[in-house]
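One structure is given here, and the rest of the page talks about it.
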Amino acid sequence: MSSMRGKIFLDTNIFIYSIDSSSEQEEKRNIARELVSTHIREESGVISIQVVQEFFQVATRKIRAPISVEEALEFMSFMASLQIVTPDFDMVVAAVRMHQKYSLSFWDALILQAAKTAGCFQVLSEDLQDGFRLDELVVKNPFVS
């Protein structure tokens, strides 16, 4: 999973699986933890502020074993060692256009736009369509072989 070719955007589900302690998620947890540590170590990982926000919401409320607010804040500080894209007005407009053109949800389009803005060549996500291509950007589901 070397990122010799450039930057890789990590979607929220990668971080959720990395902290999900439920036994049925063990395989995904191991993959997710390896991805996060690799992209922090290689300084190749990118996230957006949306990923941080979604992480907090899901990690503290929507998984089988939610973590505490304090644990979430600690993990969010860990996530902040990655490059963080903060959308501006032009990125939001571009995401709206992408949403229209490709029939994506607005939030998925905003993730893709953040990855494009950061110059990523790949988005790792379980939620977006595996193999979806947007110019030079490709979506890959790391949990399928």
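Annotations
- Estimated Rh, the chain: Kirkwood, alpha-carbon pairs, angstrom: 15.3
- Cut-off under 5 Å, modelled amide H: who pairs with Gln122 long-range: Phe9, Val138
- Cα lying deepest toward the dipole's positive end in the chain, options Val36, Leu110, Pro142, charges on Cβ: Leu110
- Label-point separation, Glu24 to Glu42 (7 Å along Cα→Cβ), nm: 3.2
- Each Lys and Arg adds +1 at its Cβ and each Asp and Glu adds -1 at its Cβ; summed about the Cα centre, segment 5-44 shows a dipole of about 200 debye.
- Placing unit charges on the Cβ atoms only, positive for Lys and Arg and negative for Asp and Glu, gives the chain a dipole magnitude near 280 debye about its Cα centre.
- When Tyr102, Tyr17 are sorted by how many other C-beta atoms sit within 10 angstrom of their C-beta, beginning with the fewest, the order is Tyr102, Tyr17.
- Protection proxy ranking, peptides 104-115, 54-65, average beta carbon neighbours within 10 Å, highest first: 104-115, 54-65
Every read-out reported here was derived from the displayed coordinates using simple, explicitly stated rules and does not represent laboratory data. Keep in mind the model is a prediction, meaning the values are calculated, not measured. Don't worry about glycine lacking a Cβ; one is built from the backbone with ideal geometry, like all the others, and counts go over all protein chains shown.
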